[in-house]
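K.L.:
Take a look at this one; I'll ask things after.
A short reminder: the numbers here are calculations on the coordinates, not readings from a lab. Keep in mind it's a predicted model, so treat the numbers as computed, not measured. Neighbour counts are summed over all protein chains in view; Cβ atoms, including those assigned to glycine, are modelled from backbone coordinates with ideal geometry.
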Amino acid sequence: MRKIATPVIGAFGLLLWGYLVMAGGQMLAESPVEYDLQDLDVPDPSELFPEEPQVENRSVRPIEPEVFSSPVVEEASALERIEPREPLSTIYTDRPAPTRVSMLHRPISVAAGVVSFGPGKEIRLSGVDPTPVSKLCGEDGAESWPCGMMALTQQRMLIRNRSLACETVGSDWSGQIETRCFIGVTEIAAWLAQHGWAEASDGSPFAPLTEEARQAGKGLFANSGDRPDKTVAGQP
């Protein structure tokens, strides 16, 4: 009995809901809602589209072609004419050219501080005075020793047959030029001054390195008893 009552009650409820919906729709159709335009808050068209542009506390400069170049503003008296800048060609040609580095191959050590790259092409390392190969060292009556040849040997062992990065524009030059050369991040001239195999030239930034080598008795400043006959060049 309960199973039959439940569907019957559901069907009755649906019929009642449909009747109420239809009755409400008919009532709305018989008495439509009327609107009065005076009750609506409609903005004035003049407020939406002003006839004159609104500019706050500033003058309007005309942009007509015939008067555009003329400063027709109230603050025209405050304008100041400045000098034109220099041409870019003058500005950039006065600057020093950037340093270029070229890889030079098959270096040949001529002396400590001098490197050759073929017949008639030498580089004198900037910052040190080349040590003559024939130079002899020894003080206070001590036995002299061929420190110039030893300095050349040390430079050869440092460079070996590795290519050098030198501050040159290519490899097309003749004679001897003075510039800086590097093996990796090690500047060869600085290494020679640090180990006492070449003395810093006048005004060179390597002067403190030469003085340290002198105080420590390194390289050219070693006594005959401490001469580095078996010294192996350090690695860069």
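K.L.:
Only counting other Cβ atoms within 10 Å, I'd like 162, 100 sorted with the fewest neighbours first. Write out the running numbers ahead of the final one.
P.N.:
Numbers: 162 13, 100 10.
Fewest-to-most Cβ neighbours within 10 Å comes out as 100, 162.
K.L.:
Between residue 207 and residue 11, what is the label-point separation in nm under the 7 Å Cα-to-beta-carbon projection?
P.N.:
Result: 11.9 nm between the two label points.
K.L.:
Please compute the alpha carbon radius of gyration of region 128-173, then divide it by the globular-protein estimate 2.2 N^0.38 Å. Two decimals is fine. All intermediate terms of the calculation are to be shown ahead of the outcome.
P.N.:
Numbers: Rg = 15.3 Å, N = 46, 2.2 N^0.38 = 9.4 Å.
Cα Rg divided by the expected 2.2 N^0.38 Å: 1.62.
K.L.:
Then there's this: Quick one: if the Förster radius is 30 Å, what FRET efficiency do residue 215 and residue 144 give, using the C-beta to C-beta distance and rounding to 0.05? Numbers along the way, then the final one.
P.N.:
Values: r = 21 Å, r/R0 = 0.72.
That pair, residue 215 with residue 144, gives E of 0.90.
K.L.:
With the contact rule set at Cα under 8 Å and sequence spacing of 6 or more, what percent relative contact order holds for region 102-226? Show your work: numbers first, answer last.
P.N.:
Numbers: 259 pairs, mean separation 36.7, N = 125.
It comes to 29 percent, rounded to a whole number.
K.L.:
Where both residues lie in region 102-226, what percent of DSSP beta bridges are antiparallel, nearest 5?
P.N.:
75
K.L.:
Sort 191, 197 by Cβ crowding within 10 Å, fewest neighbours at the top.
P.N.:
On the way: 191 24, 197 28.
Ordered from fewest to most neighbouring Cβ atoms within 10 Å, 191, 197 come out as 191, 197.
K.L.:
Note down the Stokes-Einstein diffusion coefficient of region 102-226 in µm²/s, whole number, using a Kirkwood radius over alpha carbon pairs, 4 °C, and 1.567 mPa s. Working shown, then result.
P.N.:
Details: Rh = 14.7 Å.
This corresponds to a translational diffusion coefficient of 88 µm²/s.
K.L.:
Also, quick follow-up: Could you put 123, 159 in order, starting from the residue whose Cβ has the fewest other Cβ atoms within 10 Å? Provide the component values of the computation, followed by the final result.
P.N.:
On the way: 123 25, 159 20.
Fewest-to-most Cβ neighbours within 10 Å comes out as 159, 123.
K.L.:
Using 0.36 nm times the number of residues separating residue 176 and residue 81, minus their current alpha carbon distance, what extension gain do you get?
P.N.:
Computed gain between residue 176 and residue 81 is 28.8 nm.
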